[in-house]
Amino acid sequence: MAQVQRKRIVAQSALPQRALLSVFDLDRTLSILPTYTPFLFFAARTRAPWRLLLVPLLLPVALLYALRLVPRRTMKQAMHWMALGGALPERDAARVADRFARHLVERGLYAEGLALIEAERQAGRRVVLATAAPHFYTAALARRLGIADVIASASSWQDGCLVPTIDGANCYGADKRQRLEAFMESAGIARDAAHIRFWSDHVSDLPVFELCDEPCAVNPSPKLRAVAAERGWPILDWRKG
């Protein structure tokens, strides 16, 4: 009998373990405010305050974006140029990204979100940050949070300098799902061998919600709240505190 039990334990231990992924959106999910515009103003204010005088030059692009005549990436690239210029040396980019990450950790993130990340990590799950925010400062924030895996809008570098161009598609909507799937493939994680939890605030992340096993709406927009209620998803609202 004991020999049979040992064989059963050995057989079970030989089975492949499921990959446990806990995927978090950033803006308005973990962060109290969206991060992109605050980062740009933080960078301009701390590096070159005179660049704030260029803000009115963004108005035509903002109008075209509001009318949906230009895509989100065009607006983001114009804002980047206003705050950081056409080419920012890598060392300077790393320095301002880390300062902003420290600022976010100190006063820009929900304490409940930080506690949830730690709880997921303690449960033996692999934490992933998946966001449309630029990779170079999202990665700096992830390092401070002890998160190794980041999926974000790729930043562009030329001759050792950060430039405004977004490398590839904006990591948003269906593209975020595709990037998560690509991340899993590169990590050797088959979808049917994974258990995915996902937290986000916005209905644009519906493609990722539909990919995961346990969706959760956090600080949801009205449209996402309606979808979550209809589908019976859990809803967390940290804004009430």
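The values are calculated or read from the model by the stated rules, or taken from the named source; none is laboratory data. Note that this is a predicted model, so its numbers are computed, not measured. Here Cβ is always computed from backbone atoms with ideal geometry, including for glycine, and neighbour counts include all displayed protein chains. These accessible areas exclude ligands, DNA and RNA; they are computed on the full protein's heavy atoms, side chains included. Shrake-Rupley method; radii C 1.70, N 1.55, O 1.52, S 1.80 Å.
Odds and ends about this structure:
- Rough spin-label spacing in nm, given labels placed 7 Å along Cα→Cβ, for Trp157 and Ala115: 3.8
- Placing unit charges on each Cβ (+1 for Lys and Arg, -1 for Asp and Glu) gives segment 104-171 a dipole about its Cα centre, and among Ala133, Gly108, Cys161 the Cα reaching farthest toward its positive end belongs to Gly108.
- Residues whose placed amide H lies under 5 Å from that of Phe198, excluding near-sequence neighbours: Val23, Glu214, Cys216
- Rounded to the nearest 10 degrees, the inclination of helix 135-145 to the longest alpha-carbon principal axis of the chain is 50 degrees.
- Share, in percent, of DSSP beta bridges within the chain that are antiparallel, nearest 5: 30
- Karplus (6.51, -1.76, 1.60) ³J(HN,Hα), θ = phi - 60°, over segment 192-205, in Hz, Gly and Pro reported as x: 6, 10, 10, 10, 10, 10, 9, 10, 7, 9, 10, 5, 5, 8
- For the chain, the spread of Cα positions along each principal axis, largest first, Å: 80, 43, 33
- Evaluated with a Cβ-only charge set (Lys, Arg +1; Asp, Glu -1), the chain carries a dipole of roughly 320 debye about its Cα centre, given to the nearest 20.
- Taking 0.36 nm per residue of separation and subtracting the current Cα-Cα distance, fully stretching the chain between Arg144 and Asp92 would add 16.9 nm.
- Ordered from largest to smallest accessible area (heavy atoms of protein chains, 1.4 Å probe), the residues Tyr137, Tyr172, Tyr110 come out as Tyr172, Tyr110, Tyr137.
- Think of a 1.4 Å ball rolled over the protein heavy atoms: the chain then has 53 Å² of accessible area per residue.
- Within the chain, the longest run free of trypsin sites (Lys or Arg not before Pro) that sit in a DSSP loop with at most 14 other Cβ atoms within 10 Å is 69-241.
- With Cα atoms, 0 to 90° folded angle of helix 2-14 axis to the chain main axis: 20
- Computed label-point distance, nm, for sites Asp213 and Gln17 using a 7 Å Cα→Cβ extension: 1.4
- Charge tally in the Cβ shell below 14 Å around Ser156, where Lys, Arg are +1 and Asp, Glu are -1, Ser156 excluded: -1
- Other residues whose C-beta falls under 13 angstrom from the C-beta of Glu106 contribute a net charge of +3, scoring Lys and Arg +1 and Asp and Glu -1.
- Nearest-0.05 FRET efficiency for Ala48 and Arg73, computed from C-beta distance (R0 30 Å): 0.80
- Spin-label model distance (nm) - Asp237 vs Leu58, 7 Å beyond Cα toward Cβ: 2.9
- Backbone amide hydrogens, once placed in the peptide plane, bring Ala19 within less than 5 Å of Ala194, His195, excluding anything fewer than 5 places away on its chain.
- The accessible surface of segment 89-183, taken with every protein chain in place and a 1.4 Å probe, is 49 percent carbon and sulfur.
- Neighbourhood charge, 13 Å Cβ-Cβ cut-off, centred on Asp237 and excluding it, Lys, Arg +1 and Asp, Glu -1: +2
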